[in-house]
Each structure stands twice: as C-alpha cells, then as structure tokens.
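S.K.: Below is one structure. I have some questions about it.
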Amino acid sequence: MCESCGCNLTHGNEHLVAADGHLARTSSGTESIEVLKGLLDANDHQARHNREHFNQHRVFAVNLMSSPGAGKTSLLEATIDALAGDLNMAVIEGDLETENDAMRIRDKGIAAIQISTGSACHLDAHMVHSALHELTLDELDVLFIENVGNLVCPASFDLGQHRNVTLLSSPEGDDKPAKYPVMFRAADLLLITKSDLMEVLGDFDPERAGAYLRRLANPAPVLVLSARSGFGMQAWLDWIREEINLHRRRLPQEKTDRHIGSRTV
Amino acid sequence: MKYWQPMHELAICQALIAQVAAVARSEHASSVTDVYVSVGPLSGVECPLVRSAFPFAAAGTVAGEATLHLRQTPVRVSCEDCGAETEVAANRLICGRCSNWRTQLISGDELLLQRVVMRSGRPRRNNDV
C-alpha cells in the first residue's frame, strides 16, 4: 500500500471518499486534506521487507497464532523431533515475559530467538526484523514465528510470514472462529490441537469448528492432532513439506504476497 | 530482546499521529483540528479503545487539541457464485442472497486515515484558493 494512489480502495469502499477533492478550504479558514493511508502502512512496509529477506534466503516463514496455552510450543517441539535431520528449522518466540519457550526449543538443538514484548499483546514486523539479525537464515528451510498467545491483536499485524497457522485447542470450545473472526479469517491452516482431550471433554466437535471457519469465507484446511499422543501429526508434517515445495516454486514468480480481503499484506 | 509497547490500539494511535504530523508538516499547518479515520469491524481494532487511546498518543503533538472522528465501515462481501454484493455480519461472511461461503470481502477490514483538517501556519499567498 502506498501513500496516496488510493490502492487501499476497492469498489466496495471507494464511496467513503468524499468527492470534494484533495485539498479543500473550509469556511472557518482551515484546510482539509484527503489522506487515505492505511494506519498500519509502516508495519506493512517492514513486513514486505521481511518477506523479501526470507525469499532471498529461500526460507519459508510460518506465523503460529492461538490463545495462550493452546499448545504452540508443544507442537513445535513435536515438529522439531519429527523433522530434525530432514529440514533446517529456527524459531522466533514472542511472549510478554520470560525466555522459557526459547529455552524449550534450544533444548532440542534448534536456534530460537526470544522476543519479550513487555506489555505488548502481539508481535509486529519491526520486532521480527530485529530478531532476524540474530539468526542465520542461510541454509534454513523453515522459520516458525510463535506469536504472543492472543486471539485478537496478532491477526492485525503482518510480520512478513508466508502462511498463518492458527491453533484451536479442544478445551477452548469449537465456536472460537465465530467469536474471533479477525483471527480465524486470517488462518491458512486451522489446527485443532489436544485431540486427546476431546474424549474427556466430550463437547468439542471439529466439524462444527470447520463450519464456523467456512462462515468466514475461509477455505483453509482443518487438521485435528495431538502433539502429545502423535495423533494426526503426519498430516501437519506433510502440510509443512508441501508448503515449502509450493513456496520454492512460487519464488521465481515473486508471487509470495498474501491477500486477505481488500488488503494485500 | 525486550520491547515496551502499549496495547495495540495505542500502538495504532501512535502510528496515526505520526501520519497526521507528517501531513501537517508538509502542509505547514500550525495545528490540526480534526482527524477522520475509517475503521472496519474486521480490522481487529475496537473503536472505543481507539477513542480512549487517541488523547494519550496526541498529547504534546500538533494534533494535541484535535477531535477524532471514527467512521465504522460496513462489512460487505461479493459472492463468487451468484455475484450478489451484500452487507453481512463480521463473523458470518457468507453470501446474504444464496448463502454460499465462497465470497470475497470488499469492505470491512479498512483501517484508514481518511482526512485531516488543520489550521494553516503559512501566510496566505495571493494565488492561494
């Protein structure tokens, strides 16, 4: 998105623009300026830079989002166990405080950079860019960015990732996509985690979660798994491998941007 | 690595103020009186929180006395099947006519600085309109 060309506009929202021109002088002697600039332009600009950086190094970047405790770090640990020796991986961890998650990843022999956001409820593209300076991207196949556990704010900030993976753990309830549409609309893959608890809880229906996702006009695949028992892990690992291959095929065509609604991010 | 940043509506207000200040500078304005922003329900930003965060971000800037006008845009989708354009709820983006879920969002995720009204600090030239 740029400052003034109006590429934020679609035929759906162009009526928002008043027809009285770029600069108008009002009766009280003030000047009125049409701006039409996305408030997240600075972040989106940095995110595009991050994405170019990933592309130059042929790295596939995945943004993992969920509420706190949905099992993002456990999923990463199980993923690293399954793919180590096959793929070169690194992790950026976002949390308000502590290095705990980065330490869990480093225990697996994988590079992990912890971003402590203090009171911020999300990662933004500038934070990720700073973390990239501490990582060697050469020879990496995939970079996982574990966002701050939060179903609200992280969805609004592009980090430069190629794909969003949103986790929904079975204890949270199957109607979360209806309650948090901004987050679940942004998902390129929905992972229903902690499937081993479904039997105990008895009230989570993966099909209902999938139906709520479709109501957001989101065609993303839905996978059910348990990082602890290993159930369903193979489909997730296959998705990663397939997406890395697709990403590498797209690289020469420079078609790695993401399109969500009327925004290109 | 450590960051100290406030909740995201305040972060967004700070980005807004940076843009408003840049416009005011380029137009040689002495002060900003009004700021117009369009917010779609799918932008992930809550209007009441933006409203309460704005004075904190604006304090001490050229927009310190400015009034914030928020305009909530409707959520509209275009159906890939029947072609209808309908206004829908933020968590139900299916076609309002045929109920198909394969739709494209055409408005409702905007977060746009739309207009800035300011007092000119520049002496008026003869050829100014």
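The values are calculated or read from the model by the stated rules, or taken from the named source; none is laboratory data. As the structure is a prediction and not an experimental result, all values here were calculated from the model. A quick note on method: Cβ atoms are made from the backbone with ideal geometry, for glycine too, and the neighbour counts reach across all protein chains shown. In case anyone asks, the SASA skips ligands and DNA or RNA and just uses the protein heavy atoms, side chains included. Shrake-Rupley method; radii C 1.70, N 1.55, O 1.52, S 1.80 Å.
S.K.: Considering protein heavy atoms only and a 1.4 Å probe radius, which residues within the stretch A:166-200 exhibit an accessible-area decrease of no less than 40 Å² in the full assembly relative to the chain by itself?
M.R.: Buried by the other chains: A:V182, A:R185.
S.K.: Against the empirical 2.2 N^0.38 Å scaling, what ratio does the C-alpha Rg of the stretch A:197-238 come to?
M.R.: 1.31
S.K.: Compute the FRET efficiency between A:D86 and A:D138 as 1/(1 + (r/R0)^6), taking r as their Cβ-Cβ distance and R0 = 22 Å, and round to the nearest 0.05.
M.R.: Taking R0 as 22 Å, the efficiency between A:D86 and A:D138 is 0.75.
S.K.: Starting with the highest mean, order A:231-244, A:146-159, A:71-84, B:29-42 by the number of other Cβ atoms within 10 Å, averaged over the residues of each peptide.
M.R.: A:146-159, B:29-42, A:71-84, A:231-244
S.K.: Let me know the mean shielding of B:99-107 by other chains, meaning the per-residue number of their Cβ atoms within 10 Å of its Cβ.
M.R.: Counting Cβ atoms of other protein chains within 10 Å of each residue's Cβ and averaging gives 5.
S.K.: How much accessible area is lost when chains B and A come together, counting both sides, with a 1.4 Å probe, in Å² rounded to the nearest 100? Please report the intermediate quantities before stating the final value.
M.R.: Details: alone 8700 and 13160 Å², together 17150 Å².
The B and A chains share an interface burying roughly 4700 Å².
S.K.: Apply 1/(1 + (r/R0)^6) to the Cβ-Cβ distance of A:F231 and B:A89, taking R0 = 25 Å, and write down the FRET efficiency to the nearest 0.05.
M.R.: Efficiency, rounded to the nearest 0.05: 0.10.
S.K.: Let me ask something else about it. What is the mean number of Cβ atoms from other protein chains located within 10 Å of the Cβ atom of each residue in peptide B:88-98, rounded to a whole number?
M.R.: 4
S.K.: From the helices alone, meaning DSSP H stretches of at least four residues, give me the mean residue ellipticity at 222 nm for chain B, per-run term -39500 (n - 2.57), in deg cm²/dmol to the nearest 500. Don't skip to the end; give the middle numbers.
M.R.: Values: 2 runs with 31 residues, N = 129.
So the helix-based figure for chain B works out to -8000 deg cm²/dmol.
S.K.: Project the alpha carbons of chain B onto their principal axes and report the range along each, largest first, in whole Å.
M.R.: Principal extents (Cα only, largest first): 58, 49, 26 Å.
S.K.: Another one. Using the Karplus curve 6.51 cos²θ - 1.76 cosθ + 1.60 with θ = phi - 60°, what ³J(HN,Hα) values do you get for each residue of the stretch A:58-73, in whole Hz, with x for Gly and Pro?
M.R.: With coefficients 6.51, -1.76 and 1.60, one gets 6, 9, 9, 10, 10, 9, 9, 10, 5, 6, x, x, 7, x, 5, 5 Hz.
S.K.: Okay, moving on. What per residue convex hull volume, in Å³, do the alpha-carbon atoms of the protein assembly as shown yield?
M.R.: Numbers: hull volume 60.2 nm³, N = 394.
Considering the Cα atoms of the protein assembly as shown, their hull volume per residue is 153 Å³.
S.K.: How far is it, in nm, from the label point at A:R58 to the one at A:R106 when both lie 7 Å from their Cα along the line to the Cβ?
M.R.: 2.9
S.K.: Counting only other chains, what is the mean number of Cβ atoms within 10 angstrom of the Cβ of each residue in peptide A:152-160?
M.R.: 3
S.K.: Give the accessible surface of the protein assembly as shown per residue, rounded to a whole number of Å², with probe radius 1.4 Å and ligands, DNA and RNA excluded.
M.R.: Result: 44 Å² of accessible area for each residue.
S.K.: Ordering A:R215, A:R249 by how much accessible area each has at a 1.4 Å probe, largest first, what is the list?
M.R.: Sorted descending by solvent-accessible area, the residues read A:R249, A:R215.
S.K.: Under a plain spin-label model, where a point goes 7 Å from the Cα along Cα-to-Cβ, how far apart in nm are B:C98 and A:D175?
M.R.: 3.0
S.K.: Further question on the same structure: Taking a ≥ b ≥ c as the square roots of the eigenvalues of the Cα gyration tensor of the stretch B:59-102, is the shape rounded (a/c under 1.5), prolate (a/b larger than b/c) or oblate?
M.R.: Prolate is the answer for the stretch B:59-102, as a/c is 1.5 or above and a/b outweighs b/c.
S.K.: Please list, in chain and number order, the residues 5+ apart from B:N100 or on another chain whose amide H is under 5 Å from its amide H, with Hs placed from the backbone.
M.R.: Amide H to amide H, under 5 Å and 5 or more residues apart or across chains, B:N100 pairs with B:C95.
S.K.: Next up: Got a sec to turn the phi values of the stretch A:105-122 into Karplus ³J(HN,Hα) couplings, 6.51 cos²θ - 1.76 cosθ + 1.60 with θ = phi - 60°, whole Hz, x for Gly and Pro?
M.R.: Karplus-based 3J(HN,Hα) across the stretch A:105-122 equals 6, 4, 4, 8, x, 10, 5, 9, 10, 9, 9, 9, 8, x, 9, 6, 8, 7 Hz.
S.K.: Give the residue from B:N100, B:S43, B:A18 lying farthest towards the positive end of the charge dipole for chain B; charges sit on Cβ (+1 for Lys and Arg, -1 for Asp and Glu) and the dipole is referred to the Cα centre.
M.R.: Looking along the dipole axis, the top candidate is B:A18.
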